[in-house]
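Here is the structure we will look at.
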Amino acid sequence: MEIIGQSSAIKRVFKLIEKVAPTESTVLILGESGTGKELIARAIHQKSRRKDGPFIPVNCGAIPEELLESELFGYEKGAFTGANRSKPGRFELANGGTIFLDEIAEMSPKLQVKLLRILQEKTIERLGSERSISVNIRIIAATNRNLEAEVAEGRFREDLYFRLNVIPIQLPPLRERKEDIPLLAEHFLEKFCEREEVPLKRLSEEALKCLLSYSWPGNVRELENLMERLVILTEDEVIRKEDLPEHLCEPSSLSLNFPGTFPPEGLDLQETLKEIEKSLILKALEASGGVKSRAAKLLRLNRTTLIEKMKRLGLC
Ligand SMILES: Nc1ncnc2c1ncn2[C@@H]1O[C@H](COP(=O)(O)OP(=O)(O)O)[C@@H](O)[C@H]1O
Ligand SMILES: [Mg+2]
């Protein structure tokens, strides 16, 4: 599991990983979705003293609250209807290793309190039991939201935020580390060509230019998925601009160097305005930690109008 990149932004992340991995510190990984948060969490575990212990990922946003509680804490037989046998929770399963709490901002207030207790006391009780079980775990949490804003709006406990935010690692979006795009693209092409047992493909210069001027709202995951698709759908060994999906090659406000000079071939006004709209929406979302209602305020739009626009532009 290799982490690819040589931009100064990702190099700073590598340095941080080296420093925090061997410690017992709680780590909070922040960044838009698809930036590599889980990859970084695994790397920290691999480089830690706990590497021979388990790495237990839990996506707090994907599991309904009731289920999340019993998944995390486990339960004793008879704790609730349907609990026909006892079951250890993921905190117990992570004993001696690392638990990765992904999408931590989605945790309910009740579970936030329980998590705070674990951080303080390193003990848990299974549902339906009074017995405290001590657990030796390291916690790595991640979110694509702006947690400070979540705290300010009363959705996330401040005391828990301080406990988790001992060592924050901020992962920059791909559009802010474009130097990494060629490397990542090549890495994924190699990976998928090998998997599919086809001769190695490469990108034409023009195709690469498109990738460099695109804004990558889905970050590395979007790039990875695209490379997989191209390996399967392109017959030639060279992937050309024409093989890329159209939205990738539209003239972008970034490459236009707004309000600079016109490209010699002119530009498509409608498409360019769309690109500008898209990049302003992405900027507003970034500035508001992904909270759509606040991004809408920044753009002086209704929340529903913003969501409609995002759908139309393929942003959600
Ligand atoms: N720097 C990187 N080098 C190689 N692969 C990466 C890198 N960053 C992300 N990926 C890959 O991109 C995908 C999305 O990463 P993931 O860690 O799941 O992102 P997140 O948890 O932030 O949504 C994964 O398949 C991951 O392996
Ligand atoms: Mg993830």
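Data for the structure
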item	result
The range 138-204 versus the range 261-282: alpha-carbon centroid distance in Å	27
Carbon/sulfur fraction of accessible area - the range 1-156, other protein chains in place, 1.4 Å, %	47
Global form of the chain, assessed from the alpha-carbon gyration tensor, a/c cut-off 1.5	prolate
Using a Förster distance of 51 Å, the FRET efficiency for Ser108-Arg229 (Cβ separation, nearest 0.05)	0.85
Local net charge near Arg240, Cβ-Cβ under 15 Å (Lys/Arg +1, Asp/Glu -1)	-3
Nitroxide proxy distance, nm - points 7 Å out along Cα→Cβ at Glu65 and Arg202	5.6
Gaussian network model of the chain, Cα within-10 Å springs - most flexible of Leu248, Leu119, Leu267	Leu267
For the chain: relative contact order, % (alpha-carbon pairs under 8 angstrom, 6 or more apart)	18
Extended-chain gain in nm, criterion 0.36 nm per residue less alpha-carbon gap, Leu183 and Ser134	13.2 nm
Nearby lysines by direct alpha-carbon distance to Lys19 (threshold 19 angstrom, same-chain neighbours under 8 apart not counted)	Lys11, Lys37, Lys47, Lys51
Evaluated over the range 269-316, the Cα radius of gyration and Dmax, each in Å	10.0, 30
Estimated FRET transfer efficiency (Gln170, Lys19; beta-carbon r; R0 22 Å; 0.05)	0.90
Stokes-Einstein D (µm²/s) once Rh is taken as the Kirkwood radius of the range 175-249 over alpha-carbon pairs, at 4 °C in 1.567 mPa s	106
Selected from Gly218, Gly31, Gly128 as most flexible by GNM, with the chain as the system and alpha-carbon contacts under 10 Å	Gly128
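The values are calculated or read from the model by the stated rules, or taken from the named source; none is laboratory data. Since we're looking at a predicted model, the values are computed, not measured. A quick note on method: Cβ atoms are made from the backbone with ideal geometry, for glycine too, and the neighbour counts reach across all protein chains shown. Note: areas computed on protein heavy atoms with side chains; ligands, DNA, RNA excluded. Shrake-Rupley method; radii C 1.70, N 1.55, O 1.52, S 1.80 Å.
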